[in-house]
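Novice: Let me give you the structure first, and then I'll get to my questions.
The values are calculated or read from the model by the stated rules, or taken from the named source; none is laboratory data. Remember, it's a predicted structure, so these values are computed and weren't measured experimentally. All Cβ positions, even for glycine, are placed from backbone atoms using ideal geometry, and neighbour counts span all protein chains on display. Each accessible area value is taken on the protein alone, full model and side chains, heavy atoms only, with ligands, DNA and RNA left out. Shrake-Rupley method; radii C 1.70, N 1.55, O 1.52, S 1.80 Å.
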Amino acid sequence: MCRHLAYLGRAEPLGRLLTEPSHSLYRQSWAPRHQRHGTVNADGFGVGWYAEGDPVPARYRRAGPIWADRSFADLARVVRASALLAAVRDATLAGADAEAAAAPFASGPWLFSHNGAVKGWPRSLSPLTETLPAADLLDMEARNDSAFVWALVLARLRAGDDEGQALAATVLEVAEAAPGSRLNLLLSNGESITATTWGDTLWYLTCPRGTVVASEPYDDDPHWQEVPDRTLLAASRTDVLLTPLKEPSVEPLKEPRT
């Protein structure tokens, strides 16, 4: 289980979103208020952000807890961004991939995070390896469930699916192969935020400075809205659209995606 957050809006210091609020992602790493599974998110953290004029985001990730990294507090104080995606991690299973296993995962303009766990990992998803080119499997950053889910999403994006189609189809595909999985996915391209709820909490806040989508509210602003379970969220800087996700009915692709 993890906690994650994405933001689009006017340029802000990272800390104003990630460390300064009373119930910030920083605090959620040891004292989440809405986390249903696990209590401490100390198995790594990361933040990705977009610099003006550059569509490829930068990332800062570490294997340890966010509160132990004093360099991050300094970075968050001075780095400003109008779009970001950040996460603190509670590992599904112990592993040796260190910071490579910490979200956000990235490719081209995209940043991705998974809040949840795949039931029966890794055996439950072994049939889905046949839908991916071997190069995609070999190119995975880590050997955990989140990295594999990201590989499935990325294959669909590269095949031409839009962000909403890619997330929705992947959630239904994985949920069918591994019933009982928790699949809250979060994706940004620097211009939009796309997310799913499937087994855990998600909230959003629209305000004059922009839009925040997060596992849980980072303050007590009464304008936070909870997203119903089994929902696809699509957000811009000013608008949020919610669409129900149907129960699994997606047939896994029979041929590797190219």
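Novice: Hey, what's the stretch 39-158 come to in accessible area per residue, 1.4 Å probe, Å²? Don't skip to the end; give the middle numbers.
Specialist: Working: 5330 Å² over 120 residues.
About 44 Å² of surface per residue is accessible.
Novice: Provide the FRET efficiency to the nearest 0.05 for the Q165-W30 pair, computing r from the beta carbons and using R0 = 35 Å.
Specialist: With a Förster radius of 35 Å, E is 0.45.
Novice: Compute the FRET efficiency between A58 and E176 as 1/(1 + (r/R0)^6), taking r as their Cβ-Cβ distance and R0 = 45 Å, and round to the nearest 0.05. Numbers along the way, then the final one.
Specialist: Working: r = 36 Å, r/R0 = 0.79.
Efficiency, from the Cβ-Cβ distance: 0.80.
Novice: Summarise the accessible area of the chain (1.4 Å probe, protein heavy atoms) by the percent that is carbon and sulfur.
Specialist: Carbon with sulfur: 52 percent of the solvent-accessible area.
Novice: Next question, about the same structure. With a Cα-only, solvent-free Debye model of the chain, what are the log10 I(q)/I(0) values at q = 0.11, 0.12 Å⁻¹?
Specialist: -0.52, -0.63
Novice: Okay, next question. Report the gain in length on full extension from S71 to D139: 0.36 nm times residue separation, minus Cα-Cα distance, nm rounded to one decimal.
Specialist: Using 0.36 nm per residue and subtracting the Cα-Cα distance, I get 21.6 nm.
Novice: Step through the residues of the stretch 116-127 one at a time and calculate ³J(HN,Hα) from phi using the Karplus curve (6.51 cos²θ - 1.76 cosθ + 1.60, θ = phi - 60°), rounding each to whole Hz and writing x for Gly and Pro.
Specialist: Along the stretch 116-127, the couplings run x, 7, 8, 5, x, 4, x, 4, 4, 9, 4, x Hz.
Novice: At q = 0.19, 0.22 Å⁻¹, work out log10 I(q)/I(0) for the stretch 169-219 with the Debye formula, treating every Cα as an identical point scatterer and leaving solvent out; two decimals please.
Specialist: Results for the stretch 169-219 at q = 0.19, 0.22 Å⁻¹ read -0.71, -0.86.
Novice: Hull surface divided by four, with the convex hull built on the Cα atoms of the stretch 61-213: how many nm²?
Specialist: Numbers: hull surface 38.7 nm².
Average of the hull's projected areas for the stretch 61-213 equals 9.7 nm².
Novice: Could you run the Debye sum over the Cα atoms of the stretch 132-195, one equal point scatterer each and no solvent, and tell me log10 of I(q)/I(0) at q = 0.13 Å⁻¹, two decimals?
Specialist: With no solvent term, the Cα-only Debye profile gives -0.34.
Novice: Something else about it: Could you work out the helix-only [θ] at 222 nm for the chain, with each DSSP H run of four or more residues adding -39,500 (n - 2.57) and the total divided by the number of residues, to the nearest 500 deg cm²/dmol?
Specialist: Taking each H run of at least 4 residues, the total per residue is -5500 deg cm²/dmol.
Novice: If I stretch the segment between Q225 and E191 completely, what's the gain in nm (0.36 nm per residue apart, minus their alpha carbon distance), one decimal?
Specialist: The span from Q225 to E191 would gain 10.1 nm if fully extended.
Novice: Would you kindly compute the Cα radius of gyration of the stretch 1-134 and its largest Cα-Cα separation (Dmax), both in Å?
Specialist: Rg, Dmax (Cα atoms, Å): 15.4, 46.
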